[in-house]
Amino acid sequence: MNIKIEESWKRELADEWEKEYFKRLTEFVRQEYSTKQIFPPGRQIFAAFDSTPFPDVKVVILGQDPYHDVGQANGLCFSVNDGIPFPPSLRNIFKEIESDIGTPIPQSGDLSRWAKQGVLLLNATLTVEAHRAGSHQRRGWEEFTDQVINHLATKRNNIVFILWGSYAIGKGAFIDRNRHLVLTSVHPSPLSAHRGFFGNHHFSRANQYLIEHGKTPIEW
């Protein structure tokens, strides 16, 4: 299959492209894009991978679904395009960064600046129908992104996995905590942020771990 994705990921995930689940997923996604309004734009489905090659990954932040309103999703979890108002979870992420390490809340919600530093901003499901949250779940994306996490967890060392909320925590349950740093808390959603997201210090803890393992910290 001619999958348009960054070359190191294309090689790393080569076994997935010919599996039956991925063939079914590809057919489903193509049909959806041809008949409905689907996010993100087709060329950005694999933006997280294109922005952060496999050997460069230092941190993984795991989201669930792309944003499903017009103009928001850009293929990076929690990220929105320039000029788009911050969704509530992203605003809370910026508030925690400001509290944790003092970085002021930025003007732009485009997190590609993190991706270029080695932060894989991975959604568990990579596509969604407009205004229908969760509409592309259980179609095969979760199996694919499980393999992404597995490859990172078993072939790389000393990655920081940041897992917010029960879904993300469950998806990363198999990661070897002796080999990687796994940071968990409630989700940054307004429904839960005050129950343990604020004050989790994940951004400073991630950077401290990277420094301890001879890696450049992230400019959050």
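The values are calculated or read from the model by the stated rules, or taken from the named source; none is laboratory data. Keep in mind that this is a model prediction, so the values were computed, not measured. Heads up, the Cβs are rebuilt from the backbone with ideal geometry, glycines too, and the neighbour counts pull from every protein chain shown. Side chains are part of the model used for accessible areas, which takes the heavy atoms of the whole protein and leaves out ligands, DNA and RNA. Shrake-Rupley method; radii C 1.70, N 1.55, O 1.52, S 1.80 Å.
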Could you list, ordered by first residue, the pairs with Cβ atoms under 6 Å in which the first is in the range 177-206 and in contact (Cβ under 8 Å) with a residue 60 or more places away in the chain and the second is of a type in the set (A, V, I, L, M, F, W, C) and part of a loop (DSSP other than H, G, I, E, B), at least 6 apart or interchain? Pro188/Phe197; Phe197/Val186; Phe203/Trp220
In the range 97-128, residues that are in contact (Cβ under 8 Å) with a residue 40 or more places away in the chain and either aliphatic (A, V, I, L, M) or touching a helix residue (DSSP H, G or I) at 6+ places or on another chain (Cβ under 7 Å) (or both) total 17
Output the residues belonging to the range 42-63 that are polar (S, T, N, Q) and open to solvent by less than 10 Å² (accessible area, probe 1.4 Å). Thr52
Is at least one residue of the range 81-88 under 17 Å from Ile218 (Cα atoms) and touching a residue at least 60 places away in the same chain (Cβ under 8 Å)? no
Inside the range 82-106, the number of residues satisfying the requirement of being of a type outside the set (A, V, I, L, M, F, W, C), open to solvent by 40 Å² or more (accessible area, probe 1.4 Å) and at pLDDT 95 or above is 9
Checking the conditions here, which among Phe78, Phe86 is in a loop (DSSP other than H, G, I, E, B) and touching a Leu at 6+ places or on another chain (Cβ under 8 Å)? Phe78
Taking only the range 26-41 into account, find how many residues are surrounded by 14 or more Cβ atoms within 10 Å (Cβ to Cβ) and not hydrophobic (A, V, I, L, M, F, W, C). 4
From the set of residues in the range 154-188 that are among the hydroxyl-bearing types (Ser, Thr, Tyr) and over 21 Å from Pro55 (Cα atoms), which is nearest to the chain's Cα centre (by Cα)? Tyr167
